[in-house]
Amino acid sequence: MGAPNFKLSSRRIAVVTIDCHRGHLDPAVATMPLAAAKAAQVVAANASLLTGVRALGIPVIHVMTSYRNSAEIAGNPWWASVAGTTATRKNVLIHQVAGSPGLEIMPELLEPSDLLVATKKRYDCFIATDLDHVLHALDIDTIVLTGINTNSCVLATAISANTRDYAVIVVRDCVDTMDEDLHFAALDIIDRAFGWTMTSKELLDSLGDAISS
């Protein structure tokens, strides 16, 4: 059982998308692709959600993985060990390296008013980035997470945000993973120990109620 329903009134909210870039979501160039049908679903769901939250004046922050070179990736021993194998992360040493076409947020999801944090190096969006600084500058106390992958970057960021005392909401239909059998397990972990999970409709309805109350 997860936490009781979360009241959004009086909360200071931002949406943080995680790795909604071409390296995962554009089958033509992705080095760690989500299945094409799932990628299309995630992009469409995120586009709809982001349009809705922007209309409510909620800031959108895109966090994107990028590396200067493969050495920055290979410093992680587990990643180095799975490179070139049959693992879902077999292409890790060429994923999001400088010059890669994957280093673009999916155009359907990006607006000029959005903020971009493009220095992510590990699963946790707070590590080696200024995300925490950006959130504090905006006086945010509640973050809504979307993106890829549910059981790695989304889960790690939800845990990290929880330990920093942010309220965490993960949007169930706006996240997915290459490790398809772990998607719902990761959502259950978040829902039982680290935050709230909602569909995009539930979130937008709750936000609308909070603003009108």
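The numbers here are math on the coordinates, done by the rules we state, and not lab data. Computed from a prediction, not measured in an experiment: that's the story for all the values here. Glycine also receives a Cβ, built like all others from the backbone with ideal geometry; neighbour counts cover every protein chain displayed.
A few comments on the model shown:
- Scanning segment 67-83 for residues that are within 17 Å of residue 120 (Cβ to Cβ), more than 22 Å from the chain's Cα centre (by Cα), surrounded by 11 or more Cβ atoms within 10 Å (Cβ to Cβ) and of a type in the set (A, V, I, L, M) returns a single hit, 74.
- Selection within segment 84-128 - crowded, with 19+ Cβ neighbours inside 10 Å, not charged (D, E, K, R) and not in a strand (DSSP E or B): 92, 93, 95, 96, 102, 106, 109, 123, 125, 126
- Residue match in segment 46-68 (condition: in a strand (DSSP E or B) and more than 21 Å from residue 157 (Cβ to Cβ)): no
- Boolean, residue 191 is touching a helix residue (DSSP H, G or I) at 6+ places or on another chain (Cβ under 7 Å), farther than 22 Å from residue 127 by Cα and of a type in the set (D, E, K, R): no
- Being crowded, with 16+ Cβ neighbours inside 10 Å, in contact with a helix residue (DSSP H, G or I) (Cβ under 8 Å, 6 or more places away or on another chain) and either polar (S, T, N, Q) or within 17 Å of residue 64 (Cα to Cα) (or both) is a condition met by no residue of segment 129-142.
- Boolean, residue 109 is free of Cβ contacts under 8 Å to residues at least 24 places away in the same chain, touching a helix residue (DSSP H, G or I) at 6+ places or on another chain (Cβ under 6 Å) and not β-branched (Val, Ile, Thr): no
- Among the numbered conditions (1) out of contact with any Ser or Thr (no Cβ under 9 Å at 6 or more places or on another chain); (2) surrounded by 19 or more Cβ atoms within 10 Å (Cβ to Cβ), the only one that residue 186 does not meet is (1).
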